[in-house]
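The values are calculated or read from the model by the stated rules, or taken from the named source; none is laboratory data. This one's a predicted model, so the numbers in the text were calculated from it and none came from an experiment. Don't worry about glycine lacking a Cβ; one is built from the backbone with ideal geometry, like all the others, and counts go over all protein chains shown.
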Ligand SMILES: N[C@@H](CCC(=O)N[C@@H](CS)C(=O)NCC(=O)O)C(=O)O
């Protein structure tokens, strides 16, 4: 199978982390992706031109990262990173939505700098997106999930923190010590987090 993603994509990292944690990573070939290149296979795999995309052995294309994680859980026998118990599943899915939303906002802050000339950067828009990321981080810090549980929610949370560590949209380590403690504990539970750190 193929997992198409840049190595620095935080959403791609969700898929790499989950596949590593579940012991499935050897069944994948990781192929790079460049979203801005119209000739990159990414746009054929996913009309939205977003990574990650997974290609199954039968050729089916699977996106986005949420669906990929569900698919990986299914391949691993089910009930592993997507809890079988309904209440736990709902909590994990909602946590994943929060962490994904933090990443979406953090990525838009990076894209403003990458895709728009400096003279038309719009600070109110950047602040609007940063507000989403900061409120999301504050919500996580006020009620951190159990770092001993590796679920779609905690995987996404760790990837969001790792991404902001790299791009530095906001200083979550200074503002939220409970998240520093949480990430250290999660790294101990899930060595796949450190194993998937982008080499940057
Ligand atoms: N909801 C998507 C988000 C994926 C996403 O935003 N990926 C970024 C890279 S981290 C991307 O492909 N951006 C290119 C674009 O938006 O055109 C998921 O969970 O996979």
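Going by the conditions given, is residue 89 closer than 22 Å to residue 192 by Cα and either under 16 Å from the mean Cα position of the chain (by Cα) or more than 10 Å from the ligand (Cβ to nearest atom) (or both)? Outline the logic, then answer.
Working: closer than 22 Å to residue 192 by Cα: yes; either under 16 Å from the mean Cα position of the chain (by Cα) or more than 10 Å from the ligand (Cβ to nearest atom) (or both): yes.
Yes.
Can you confirm whether residue 134 is crowded, with 16+ Cβ neighbours inside 10 Å, out of contact with any helix residue (DSSP H, G or I) (no Cβ under 7 Å at 6 or more places or on another chain) and not assigned by TED's automatic domain parsing to the domain that holds residue 19? Outline the logic, then answer.
Working: crowded, with 16+ Cβ neighbours inside 10 Å: yes; out of contact with any helix residue (DSSP H, G or I) (no Cβ under 7 Å at 6 or more places or on another chain): yes; not assigned by TED's automatic domain parsing to the domain that holds residue 19: yes.
For residue 134, the condition - crowded, with 16+ Cβ neighbours inside 10 Å, out of contact with any helix residue (DSSP H, G or I) (no Cβ under 7 Å at 6 or more places or on another chain) and not assigned by TED's automatic domain parsing to the domain that holds residue 19 - is met.
Considering (1) surrounded by fewer than 15 Cβ atoms within 10 Å (Cβ to Cβ); (2) assigned to a loop (DSSP other than H, G, I, E, B), say which one residue 82 fails and leave the rest.
(1)
Within the range 150-200, count every residue that is outside any helix (DSSP H, G or I) and without any contact (Cβ under 8 Å) to a residue 40 or more places away in the chain. Reasoning before the result, please.
Let us first name the residues in the range 150-200 that are outside any helix (DSSP H, G or I), namely 150-151, 168-171, 176, 190-191, 196-200.
Narrowing further to those that are without any contact (Cβ under 8 Å) to a residue 40 or more places away in the chain: 168, 171, 176, 191, 197.
Number satisfying all stated conditions: 5.
From 90, 108, grab the single residue that is without any contact (Cβ under 8 Å) to a residue 40 or more places away in the chain, surrounded by fewer than 21 Cβ atoms within 10 Å (Cβ to Cβ), outside any loop (DSSP other than H, G, I, E, B) and in contact with a helix residue (DSSP H, G or I) (Cβ under 6 Å, 6 or more places away or on another chain). Reasoning before the result, please.
Values: 90 fails: in contact with a helix residue (DSSP H, G or I) (Cβ under 6 Å, 6 or more places away or on another chain).
That would be 108, the only listed residue that is without any contact (Cβ under 8 Å) to a residue 40 or more places away in the chain, surrounded by fewer than 21 Cβ atoms within 10 Å (Cβ to Cβ), outside any loop (DSSP other than H, G, I, E, B) and in contact with a helix residue (DSSP H, G or I) (Cβ under 6 Å, 6 or more places away or on another chain).
Is it the case that residue 63 is free of Cβ contacts under 8 Å to residues at least 60 places away in the same chain, within 20 Å of residue 160 (Cα to Cα) and assigned by TED's automatic domain parsing to the domain that holds residue 166?
On the way: free of Cβ contacts under 8 Å to residues at least 60 places away in the same chain: yes; within 20 Å of residue 160 (Cα to Cα): yes; assigned by TED's automatic domain parsing to the domain that holds residue 166: no.
So residue 63 does not fit the description; no.
Go through (1) under 14 Å from the mean Cα position of the chain (by Cα); (2) within 26 Å of residue 1 (Cβ to Cβ) for residue 80 and report which single condition fails.
Tallying (1) under 14 Å from the mean Cα position of the chain (by Cα); (2) within 26 Å of residue 1 (Cβ to Cβ), residue 80 fails exactly one: (1).
Within the range 17-68, restricting attention to residues that are within 16 Å of residue 82 (Cα to Cα) and surrounded by 22 or more Cβ atoms within 10 Å (Cβ to Cβ), which residue is nearest to the chain's Cα centre (by Cα)?
Going through the range 17-68, the residues within 16 Å of residue 82 (Cα to Cα) turn out to be 17-24, 64-68.
Next cut, surrounded by 22 or more Cβ atoms within 10 Å (Cβ to Cβ) only: 17-19, 21, 65, 68.
Values: 17: 9, 18: 10, 19: 13, 21: 14, 65: 7, 68: 11 Å.
Once the filter is applied, the top-ranked residue is 65.
Pick from 99, 118: which is in the same structural domain as residue 185 (by TED's automatic domain parsing) and touching a residue at least 24 places away in the same chain (Cβ under 8 Å)? Spell out the reasoning first.
Numbers: 118 fails: touching a residue at least 24 places away in the same chain (Cβ under 8 Å).
Residue meeting the stated conditions: 99.
Within the range 106-130, how many residues are within 21 Å of residue 13 (Cβ to Cβ) and within 11 Å of the ligand (Cβ to nearest atom)?
Final tally of qualifying residues: 6.
Test residue 127 against the stated conditions and say whether it is part of a helix (DSSP H, G or I), modelled with pLDDT of 95 or more, closer than 27 Å to residue 43 by Cβ and not assigned by TED's automatic domain parsing to the domain that holds residue 19.
Numbers: part of a helix (DSSP H, G or I): yes; modelled with pLDDT of 95 or more: yes; closer than 27 Å to residue 43 by Cβ: no; not assigned by TED's automatic domain parsing to the domain that holds residue 19: yes.
Answer is no for this residue.
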